[in-house]
Amino acid sequence: MGITEPANNEPLLQNNDTMPYRPFGKTGLMVSALSFGCMRLSENQDLNTRLILKAVELGINYFETTRHYLEGTCQQKTAPGLPADKQGLIVSGKGGINAKTTAYHFRKEIERQLDILGLTHFKFYQVGWFSWALMKHLLKRGGVLDAIRRAQDEGLVHHIGFTGHDSPENFIRCLETGLFDSITIPYNLINRSYEPTIKRAGELGVGVVAMCPVAGGLLDCESELLKKEFGMNLPTVEMALRFVLANPAVSTVCSGMNAMVQLEQNVATVKNFTPDTDTHATLCEALEKMRNILGDKFCTTCRYCMPCPQNVNIPRYMKAYQYWKCFGLKDWARKTVAETPKEQQASHCNDCGECEEKCPNDLPIRERLQELSKL
Ligand code: SF4
Ligand code: SF4
C-alpha cells in the first residue's frame, strides 16, 4: 500500500493494485473511486469491523458517516474497524442545521462526532440535510459558517461539503457561492435529476460524492433490456456502478455496504472499469432511448390522480410499471406489487376512471394496473 502526498493535506492511503483514484475537486486529495457509505452497517459488529478493515486494505479511503444514521449508532459501528491512527483516511461527519442552530451548537456537534469516531480532525465535514432556503441560517452572524471557519482555523475541520434533497437548480446556487469543497448527491441510472448539478460541480472544481448508485437496492435485479442497450452482459448492479463512474465529474461513488461479497464485487467492478471520454454520453443516450419507450406517456409522480376513492396507491404502481417497461426491472416491479400494503392494492380498483380524468399525462392507468396485476 503506498502513500501519496497531495498539496496542503495529510497523505491519503492508496492501494493501486485494487483501486483507482480520482481528484476530489480542487482539494488536492485523490479519493478512491469507490467510497464506503456506513449508513447500512448491520447489527453484526464483528462483520462491520472486518468489512471496514477489508475496505481499507482494498484501498478505499473515504468513509461516509454521521451520528444520526442507524438510530444514532452509525459512528459507533464504524469506529472499531478504522486503523488506530486513522491516517490517510477521510472519515466524514455530518451535522444538520435549522433556524435555531448557532455556531455553538454546530461546534458541539462536530466535537461530539470526532469523539465517537476517535478522530483528531475531520478532513471532510458535511452540512447535512441542506437546502438553498437554509443558506441564510448558515451565513448569519454567530451561525454555522462562523463555527466552520473557526474549526478550520483550529485544524479540526479541513474541508466542507453539503448534502440534501433540494432541487437541482437550488443546489447549483449553493455550489456557486464557492463555500463548499464537495457535494454529496443521489445519482444513478434511473435517477439522473441531479446531472446538471453534478456537471456544474465539475466545472467549479467541487468534488462529487455520488450516493445511492443502485437506487437503494432497486437495481439489484436482472435486466435483459439494460444489458442489451448498454451492450454489457453484466449484473445490473455492476452496470449501475459503471454508469455513475462514467460521469467524469463524479469523484467517488459511495455505496452503502454490509456484506463482504458486496464489498469485494464493488471493488472489482470499480477496478475493472476505465471509462473513456465517450462512455458517459453513450450510456446516457442508451438511457434516453429506454426512457422513450413510453413516449410522453410517462408518470411524473405529480399525484394529481390521488386520492383514489378505492385507496389504490396509483403512483406506486405507475413507478413499478415504468421501471419494468423502460429499464426491464420486471422482478423489482413484481416485488413492488407484492409488497404493496393490502388496503392500497390494485385489486380494489372498481374501474371508475376518475384517476384517468385527473391525470395531466393522459396515462392509461387502469390498463397498466391490470398489466401489473398479471405479474
Ligand atoms: S396523475 Fe398521472 S402522472 Fe400524476 S402521479 Fe398520477 S398517474 Fe402519475
Ligand atoms: S379507476 Fe381504479 S385506480 Fe382509478 S380512481 Fe377509480 S378506483 Fe382508483
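Summary table
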| item | result |
| --- | --- |
| Tabulated pairs, the range 342-368, first farther than 17 Å from ASN313 by Cβ, second within 8 Å of ligand 1 (Cβ to nearest atom) and among the β-branched types (Val, Ile, Thr), C-beta under 7 angstrom, 6+ apart or interchain | ASN361/THR300 |
| Scan of the range 350-374 for residues that are farther than 21 Å from ARG291 by Cβ and either touching a His at 6+ places or on another chain (Cβ under 8 Å) or surrounded by fewer than 21 Cβ atoms within 10 Å (Cβ to Cβ) (or both), ordered by number | ASN350, ASP351, CYS352, GLY353, GLU354, GLU356, GLU357, LYS358, ARG366, GLN370, SER373, LYS374 |
| Selection from the range 178-201 of residues that are within 18 Å of PHE124 (Cβ to Cβ), of a type outside the set (Phe, Trp, Tyr) and not in a strand (DSSP E or B) | GLY178, LEU179, ASP181, ILE198, ALA201 |
| Any hit, the range 329-347, residues being under 21 Å from LYS227 (Cα atoms), surrounded by 13 or more Cβ atoms within 10 Å (Cβ to Cβ) and either within 16 Å of ligand 2 (Cβ to nearest atom) or among the acidic types (Asp, Glu) (or both) | yes |
| In the range 4-30, residue modelled with the highest pLDDT [restricted to those that are assigned to a strand (DSSP E or B) and touching a Leu at 6+ places or on another chain (Cβ under 7 Å)] | MET30 |
| Meets criteria (modelled with pLDDT under 95 and within 16 Å of ligand 2 (Cβ to nearest atom)) for THR301 | yes |
| Output for the range 333-375, where each listed residue is within 14 Å of ligand 1 (Cβ to nearest atom), at positive phi and modelled with pLDDT of 95 or more | GLY353 |
| Some residue of the range 210-221 being away from ligand 1 (no atom under 16 Å from the Cβ), assigned to a helix (DSSP H, G or I) and among the charged types (D, E, K, R) | no |
| Filter pass, CYS212 being closer than 26 Å to LEU47 by Cβ, free of Cβ contacts under 8 Å to residues at least 60 places away in the same chain and either among the acidic types (Asp, Glu) or in contact with a Phe, Trp or Tyr (Cβ under 8 Å, 6 or more places away or on another chain) (or both) | yes |
| Selected residue (only one of THR78, THR102, THR66 is among the polar types (S, T, N, Q), in contact with a Lys or Arg (Cβ under 6 Å, 6 or more places away or on another chain) and closer than 23 Å to ILE183 by Cα) | THR66 |
| Qualifying position, being in contact with a strand residue (DSSP E or B) (Cβ under 8 Å, 6 or more places away or on another chain), assigned by TED's automatic domain parsing to the domain that holds LEU51 and modelled with pLDDT under 95, among VAL253, VAL267, VAL208, VAL214 | VAL214 |
| Looking only at the range 66-92, and only at residues there that are part of a loop (DSSP other than H, G, I, E, B) and touching a residue at least 60 places away in the same chain (Cβ under 8 Å), the one that is farthest from LYS54 (Cα to Cα) | HIS68 |
| Residue within the range 133-143 that is under 23 Å from the mean Cα position of the chain (by Cα) and within 29 Å of ASN16 (Cβ to Cβ) present | no |
| Residue among GLY59, GLY95 that is buried (at least 23 other Cβ atoms within 10 Å of the Cβ), assigned to a loop (DSSP other than H, G, I, E, B) and modelled with pLDDT of 95 or more | GLY59 |
| Exclusive hit being in the same structural domain as PHE180 (by TED's automatic domain parsing) and in contact with a Phe, Trp or Tyr (Cβ under 9 Å, 6 or more places away or on another chain), set THR102, THR78 | THR78 |
| Some residue of the range 305-323 being of a type outside the set (Val, Ile, Thr), away from ligand 1 (no atom under 11 Å from the Cβ), within 22 Å of TYR187 (Cα to Cα) and crowded, with 16+ Cβ neighbours inside 10 Å | yes |
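The values are calculated or read from the model by the stated rules, or taken from the named source; none is laboratory data. Just so it is clear, the model here is predicted, and its values are computed rather than measured. Please note: Cβ atoms are built from the backbone with ideal geometry, for glycine as well, and neighbour counts cover all protein chains shown.
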